[in-house]
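Below: the structure, in C-alpha coordinates.
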Amino acid sequence: MTYAGHRLSTPPGRRRILLLVGPVGSGKGTQAEALSRQLGLQHLASGELFRRALREGTQLGERARSYMEHGDLVPDEITIEMFMAELARPEAAAGAILDGFPRTVAQAEALDATVAERGERIEKVISLEVPTEELVARAAGRRVCPTCGTPYHVSSDPPRVAGICDNDGTSLVQRDDDRPEVVRARLAKQVPPMLEVLAHYERAGIVAHIDGRGPAEQVTEAILRALTADVSAA
Ligand code: AMP
(Lines give C-alpha, C1' and ligand atoms only; values in the text may rest on other atoms or scores of the structure.)
Protein backbone atom coordinates (compact mmCIF):
# COMPACT_ATOMS: atom_id res chain seq x y z
CA MET A 1 0.00 0.00 0.00
CA THR A 2 1.37 3.42 -0.86
CA TYR A 3 0.49 6.89 0.26
CA ALA A 4 1.84 10.02 -1.46
CA GLY A 5 4.76 7.97 -2.73
CA HIS A 6 5.41 6.34 0.63
CA ARG A 7 4.88 2.66 1.20
CA LEU A 8 3.01 2.06 4.44
CA SER A 9 4.08 -0.79 6.68
CA THR A 10 0.66 -1.54 8.17
CA PRO A 11 -1.71 -3.54 6.00
CA PRO A 12 -5.19 -2.11 5.40
CA GLY A 13 -7.69 -3.17 8.02
CA ARG A 14 -5.34 -2.95 10.95
CA ARG A 15 -5.53 0.25 12.91
CA ARG A 16 -2.36 2.33 12.88
CA ILE A 17 -1.21 3.63 16.23
CA LEU A 18 1.68 6.06 16.24
CA LEU A 19 3.17 7.83 19.24
CA LEU A 20 4.81 11.22 18.97
CA VAL A 21 7.18 12.00 21.83
CA GLY A 22 9.06 15.26 22.31
CA PRO A 23 9.50 18.14 24.72
CA VAL A 24 7.42 21.29 24.63
CA GLY A 25 8.51 23.46 21.70
CA SER A 26 9.83 20.53 19.67
CA GLY A 27 7.12 21.02 17.03
CA LYS A 28 5.25 17.91 18.15
CA GLY A 29 1.81 19.48 17.69
CA THR A 30 2.65 20.75 14.20
CA GLN A 31 3.99 17.35 13.15
CA ALA A 32 1.02 15.52 14.63
CA GLU A 33 -1.32 17.78 12.63
CA ALA A 34 0.62 17.20 9.41
CA LEU A 35 0.75 13.44 9.89
CA SER A 36 -2.90 13.31 10.85
CA ARG A 37 -3.83 15.10 7.62
CA GLN A 38 -1.49 13.14 5.39
CA LEU A 39 -2.14 9.69 6.82
CA GLY A 40 -5.83 10.12 7.69
CA LEU A 41 -5.32 9.31 11.37
CA GLN A 42 -6.95 10.99 14.31
CA HIS A 43 -4.75 13.40 16.25
CA LEU A 44 -5.24 12.79 19.97
CA ALA A 45 -3.43 15.41 22.04
CA SER A 46 -3.76 14.79 25.77
CA GLY A 47 -3.19 18.46 26.74
CA GLU A 48 -5.89 19.55 24.30
CA LEU A 49 -8.32 16.89 25.60
CA PHE A 50 -7.77 18.10 29.14
CA ARG A 51 -8.18 21.75 28.15
CA ARG A 52 -11.43 20.91 26.36
CA ALA A 53 -12.72 19.11 29.46
CA LEU A 54 -11.84 22.19 31.51
CA ARG A 55 -13.64 24.53 29.09
CA GLU A 56 -16.71 22.30 29.03
CA GLY A 57 -16.68 22.01 32.81
CA THR A 58 -16.95 18.21 32.75
CA GLN A 59 -16.26 16.04 35.77
CA LEU A 60 -12.97 15.02 34.19
CA GLY A 61 -12.03 18.67 33.75
CA GLU A 62 -12.74 19.36 37.41
CA ARG A 63 -10.61 16.39 38.48
CA ALA A 64 -7.72 17.60 36.32
CA ARG A 65 -8.01 21.33 37.04
CA SER A 66 -5.71 21.86 40.03
CA TYR A 67 -2.91 19.74 38.55
CA MET A 68 -3.05 21.62 35.27
CA GLU A 69 -3.11 24.98 36.98
CA HIS A 70 0.11 24.07 38.80
CA GLY A 71 1.76 22.70 35.66
CA ASP A 72 1.85 19.22 37.22
CA LEU A 73 0.99 15.98 35.49
CA VAL A 74 -2.58 14.85 36.06
CA PRO A 75 -2.48 11.55 38.02
CA ASP A 76 -2.09 8.42 35.88
CA GLU A 77 -5.42 6.94 36.91
CA ILE A 78 -7.39 9.94 35.60
CA THR A 79 -5.25 10.37 32.50
CA ILE A 80 -5.36 6.70 31.52
CA GLU A 81 -9.14 6.55 31.92
CA MET A 82 -9.61 9.63 29.76
CA PHE A 83 -7.21 8.58 27.05
CA MET A 84 -8.48 5.02 26.71
CA ALA A 85 -12.02 6.35 26.28
CA GLU A 86 -10.80 8.61 23.45
CA LEU A 87 -8.96 5.77 21.77
CA ALA A 88 -12.11 3.64 21.82
CA ARG A 89 -14.20 6.25 20.00
CA PRO A 90 -15.25 5.59 16.38
CA GLU A 91 -13.25 8.65 15.21
CA ALA A 92 -10.08 6.71 16.01
CA ALA A 93 -11.17 3.57 14.15
CA ALA A 94 -8.72 4.10 11.28
CA GLY A 95 -5.91 4.84 13.68
CA ALA A 96 -4.50 7.59 15.80
CA ILE A 97 -1.46 9.70 16.45
CA LEU A 98 -0.95 10.02 20.18
CA ASP A 99 0.56 13.34 21.17
CA GLY A 100 1.41 13.98 24.83
CA PHE A 101 0.42 10.49 25.95
CA PRO A 102 1.97 8.36 27.41
CA ARG A 103 4.01 10.73 29.60
CA THR A 104 4.88 8.12 32.29
CA VAL A 105 5.87 4.45 32.20
CA ALA A 106 2.61 3.55 34.02
CA GLN A 107 0.66 5.25 31.23
CA ALA A 108 2.77 3.43 28.62
CA GLU A 109 2.09 0.07 30.28
CA ALA A 110 -1.65 0.79 30.43
CA LEU A 111 -1.62 1.72 26.76
CA ASP A 112 0.37 -1.40 25.82
CA ALA A 113 -2.12 -3.59 27.70
CA THR A 114 -5.15 -2.00 26.00
CA VAL A 115 -3.55 -2.21 22.58
CA ALA A 116 -2.60 -5.88 23.12
CA GLU A 117 -6.10 -6.75 24.37
CA ARG A 118 -7.49 -5.48 21.08
CA GLY A 119 -4.98 -7.51 19.05
CA GLU A 120 -3.30 -4.30 17.91
CA ARG A 121 0.22 -2.99 18.24
CA ILE A 122 1.97 0.34 18.43
CA GLU A 123 3.56 0.75 15.02
CA LYS A 124 6.18 3.32 15.87
CA VAL A 125 7.22 5.73 18.59
CA ILE A 126 8.52 8.87 16.92
CA SER A 127 10.99 10.68 19.12
CA LEU A 128 11.22 14.29 17.96
CA GLU A 129 14.63 15.50 19.06
CA VAL A 130 15.66 19.15 19.39
CA PRO A 131 18.63 20.34 21.51
CA THR A 132 17.73 22.24 24.69
CA GLU A 133 19.46 25.42 23.50
CA GLU A 134 17.36 25.47 20.35
CA LEU A 135 14.18 24.93 22.38
CA VAL A 136 15.15 27.88 24.58
CA ALA A 137 15.89 30.03 21.51
CA ARG A 138 12.61 29.07 19.81
CA ALA A 139 10.64 30.07 22.92
CA ALA A 140 12.62 33.30 23.31
CA GLY A 141 11.51 34.41 19.82
CA ARG A 142 7.84 33.69 20.40
CA ARG A 143 5.41 36.63 20.64
CA VAL A 144 1.68 36.75 21.08
CA CYS A 145 -1.02 39.38 20.57
CA PRO A 146 -2.59 40.11 23.97
CA THR A 147 -5.83 41.17 22.23
CA CYS A 148 -6.59 38.41 19.72
CA GLY A 149 -4.13 35.70 20.82
CA THR A 150 -2.43 35.29 17.41
CA PRO A 151 1.02 33.72 17.88
CA TYR A 152 4.13 34.94 15.99
CA HIS A 153 7.83 34.18 15.96
CA VAL A 154 10.40 36.94 15.39
CA SER A 155 12.35 34.88 12.86
CA SER A 156 10.22 32.00 11.57
CA ASP A 157 6.78 33.66 11.54
CA PRO A 158 7.18 37.44 11.95
CA PRO A 159 4.33 39.96 11.74
CA ARG A 160 4.37 42.40 8.78
CA VAL A 161 5.56 45.21 11.10
CA ALA A 162 7.98 44.14 13.84
CA GLY A 163 6.30 43.93 17.24
CA ILE A 164 2.78 44.72 15.94
CA CYS A 165 -0.14 42.33 15.44
CA ASP A 166 -1.19 41.98 11.77
CA ASN A 167 -4.85 41.65 12.75
CA ASP A 168 -5.47 44.52 15.15
CA GLY A 169 -2.29 46.62 15.48
CA THR A 170 -1.76 45.73 19.16
CA SER A 171 1.83 45.63 20.46
CA LEU A 172 2.95 42.00 20.77
CA VAL A 173 4.14 40.61 24.10
CA GLN A 174 6.33 37.75 25.27
CA ARG A 175 4.55 35.29 27.54
CA ASP A 176 6.19 34.69 30.93
CA ASP A 177 6.21 30.99 30.05
CA ASP A 178 8.58 31.65 27.15
CA ARG A 179 11.34 33.24 29.19
CA PRO A 180 14.59 31.20 29.05
CA GLU A 181 14.69 30.37 32.78
CA VAL A 182 11.06 29.24 32.72
CA VAL A 183 11.64 27.10 29.62
CA ARG A 184 14.71 25.51 31.19
CA ALA A 185 12.82 24.74 34.41
CA ARG A 186 9.94 23.22 32.45
CA LEU A 187 12.30 21.04 30.43
CA ALA A 188 14.13 19.89 33.56
CA LYS A 189 10.79 18.64 34.89
CA GLN A 190 9.50 17.21 31.64
CA VAL A 191 12.47 15.46 30.12
CA PRO A 192 13.31 12.73 32.71
CA PRO A 193 9.89 10.99 32.56
CA MET A 194 9.92 11.38 28.77
CA LEU A 195 13.28 9.58 28.60
CA GLU A 196 11.85 6.78 30.74
CA VAL A 197 8.95 6.36 28.31
CA LEU A 198 11.38 6.29 25.39
CA ALA A 199 13.56 3.69 27.15
CA HIS A 200 10.44 1.56 27.68
CA TYR A 201 9.71 1.54 23.94
CA GLU A 202 13.39 1.29 23.03
CA ARG A 203 13.27 -2.17 24.63
CA ALA A 204 10.52 -3.08 22.16
CA GLY A 205 12.70 -1.76 19.30
CA ILE A 206 10.04 0.55 17.90
CA VAL A 207 11.55 4.01 18.49
CA ALA A 208 12.44 6.18 15.49
CA HIS A 209 14.79 9.04 16.39
CA ILE A 210 13.97 12.08 14.29
CA ASP A 211 15.98 15.30 14.11
CA GLY A 212 13.38 17.97 14.86
CA ARG A 213 15.52 20.88 13.62
CA GLY A 214 14.91 22.52 10.27
CA PRO A 215 11.74 23.34 8.35
CA ALA A 216 8.58 21.56 9.49
CA GLU A 217 7.99 19.99 6.04
CA GLN A 218 11.45 18.46 6.09
CA VAL A 219 10.81 16.97 9.54
CA THR A 220 7.49 15.51 8.33
CA GLU A 221 9.31 13.92 5.39
CA ALA A 222 11.87 12.37 7.75
CA ILE A 223 9.06 10.91 9.87
CA LEU A 224 7.30 9.47 6.82
CA ARG A 225 10.59 7.91 5.69
CA ALA A 226 11.03 6.34 9.14
CA LEU A 227 7.52 4.89 8.92
CA THR A 228 8.33 3.17 5.64
CA ALA A 229 11.86 2.09 6.57
CA ASP A 230 10.78 -1.29 8.01
CA VAL A 231 9.11 -2.27 4.76
CA SER A 232 12.02 -1.03 2.61
CA ALA A 233 14.50 -2.97 4.73
CA ALA A 234 12.47 -6.20 4.48
P1 AMP B 1 0.33 19.98 27.24
O2 AMP B 1 -0.55 20.82 26.38
O3 AMP B 1 0.71 18.69 26.57
O4 AMP B 1 1.51 20.72 27.78
O5 AMP B 1 -0.55 19.55 28.51
C6 AMP B 1 -1.14 20.50 29.36
C7 AMP B 1 -1.35 19.89 30.74
O8 AMP B 1 -2.24 18.77 30.66
C9 AMP B 1 -0.09 19.34 31.39
O10 AMP B 1 0.64 20.34 32.06
C11 AMP B 1 -0.68 18.33 32.37
O12 AMP B 1 -1.23 18.96 33.51
C13 AMP B 1 -1.83 17.75 31.56
N14 AMP B 1 -1.40 16.57 30.78
C15 AMP B 1 -1.33 16.47 29.43
N16 AMP B 1 -0.94 15.23 29.07
C17 AMP B 1 -0.76 14.53 30.20
C18 AMP B 1 -0.36 13.19 30.49
N19 AMP B 1 -0.07 12.30 29.51
N20 AMP B 1 -0.28 12.82 31.79
C21 AMP B 1 -0.58 13.68 32.78
N22 AMP B 1 -0.95 14.95 32.59
C23 AMP B 1 -1.06 15.39 31.30
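The values are calculated or read from the model by the stated rules, or taken from the named source; none is laboratory data. Source: prediction; values computed, not measured. As a convention, Cβ positions derive from the backbone with ideal geometry for all residues, glycine included, and neighbour counts pool all protein chains shown. When the accessible area is computed, the model is the full protein with side chains, heavy atoms only, and any ligands, DNA or RNA have been set aside. Shrake-Rupley method; radii C 1.70, N 1.55, O 1.52, S 1.80 Å.
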> What residues have an amide H closer than 5 Å to that of GLN42, excluding those fewer than 5 places away on the same chain, when H is modeled at 1.01 Å from N in the peptide plane?
Replying inline: GLY95, ALA96, ILE97
>> Helix 59-69 against the longest principal axis of the chain: what's the angle in degrees, Cα atoms only, rounded to the nearest 10?
In response: 50 degrees
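Taking the Cβ of ARG160 as the centre, find all other residues whose Cβ is under 15 Å away and add up their charges (Lys, Arg: +1; Asp, Glu: -1). All intermediate terms of the calculation are to be shown ahead of the outcome.
Details: positive: ARG143; negative: ASP157, ASP166, ASP168.
The answer is -2.
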> With axes computed from alpha carbons, what is the tilt in degrees of helix 180-202 against the longest principal axis of the chain, rounded to the nearest 10 within 0 to 90?
Replying inline: 0 degrees
> Amide H to amide H under 5 Å from VAL207: which residues, 5+ apart in sequence or cross-chain, H placed 1.01 Å off N in plane?
Replying inline: VAL125
> Carbon-plus-sulfur fraction of the accessible area of the chain, 1.4 Å probe, in percent?
Replying inline: 53 percent
> Counting Lys and Arg as +1 and Asp and Glu as -1, what is the net charge of the other residues whose Cβ lies under 15 Å from the Cβ of VAL197?
Replying inline: -2
>> For a quick check: with amide H placed at 1.01 Å from N, whose amide H comes under 5 Å from ILE164's, ignoring anything fewer than 5 positions away on the same chain?
In response: LEU172
> Can you give me the relative contact order of the chain as a percent, contacts being Cα pairs under 8 Å and 6 or more apart?
Replying inline: 27 percent
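Counting helices only, and only those DSSP H runs with n ≥ 4, report the 222 nm mean residue ellipticity of the chain as the sum of -39,500 (n - 2.57) divided by its residues, in deg cm²/dmol to the nearest 500.
Details: 8 runs with 109 residues, N = 234.
Taking each H run of at least 4 residues, the total per residue is -15000 deg cm²/dmol.
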> Over the chain, what is the percentage of antiparallel beta bridges among all DSSP beta bridges, to the nearest 5?
Replying inline: 30 percent
> Of the residues PRO102, PRO146, PRO192, which exhibits the maximal mean-square fluctuation in a Gaussian network model of the chain defined by a 10 Å Cα contact cut-off?
Replying inline: PRO146
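In Å², what does the accessible area per residue of the chain work out to with a 1.4 Å probe?
Numbers: 12110 Å² over 234 residues.
Per-residue accessible area for the chain comes out at 52 Å².
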>> For the chain, compute the orientation-averaged projected area of the C-alpha convex hull (one quarter of its surface), in nm².
In response: 13.9 nm²
